[in-house]
Amino acid sequence: MNEEEVIVQAKTDPEAFGRLYDAYYQPIFGFLYKRTGNAEVAKDLASETFFQALKNIRRYECRGKPFKSWLFAIAAAQAGTYFR
């Protein structure tokens, strides 16, 4: 199953979203850790990133950009909120 199929399935099946979580947790955590320098804060922000992604997955549309880009945009927003 390719990523686009998993994304479509994840819109109605939270278990399918778990596959996306497993695939992207480490890169998202690493990105947030580099931004914050704190593992606990990075874990919290990564959790919030995936919560927001799960909450909004139905609105996600594959428009030629990788799903990973969408996740990193959410993560960057979470980091921005943290530093405000």
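The values are calculated or read from the model by the stated rules, or taken from the named source; none is laboratory data. Fair warning: this is a prediction, and the values are worked out from it, not measured in the lab. Cβ atoms come from the backbone with ideal geometry, glycine included; neighbour counts cover every protein chain shown. The protein model used for the area step is the full one, side chains on, heavy atoms only, and it has no ligands, DNA or RNA in it. Shrake-Rupley method; radii C 1.70, N 1.55, O 1.52, S 1.80 Å.
Okay, here's what the table says:
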read-out	value
Whichever residue in segment 47-66 is of a type in the set (Ser, Thr, Tyr) and modelled with pLDDT of 95 or more and, among such residues, is farthest from Phe83 (Cα to Cα)	Ser47
Residue list for segment 47-84, restricted to those being within 20 Å of Phe17 (Cβ to Cβ) and not in a helix (DSSP H, G or I)	Tyr60, Glu61, Cys62, Arg63, Lys65, Pro66
Neighbours by Cβ (under 7 Å, 6+ apart or cross-chain): first from segment 44-65, charged (D, E, K, R); second part of a loop (DSSP other than H, G, I, E, B)	Arg58/Lys11
Segment 1-10: number of residues that are open to solvent by 90 Å² or more (accessible area, probe 1.4 Å) and touching a residue at least 12 places away in the same chain (Cβ under 8 Å)	1
Residues satisfying the stated conditions in segment 11-46, i.e. at pLDDT below 95, part of a helix (DSSP H, G or I) and surrounded by fewer than 13 Cβ atoms within 10 Å (Cβ to Cβ)	Pro14, Glu15
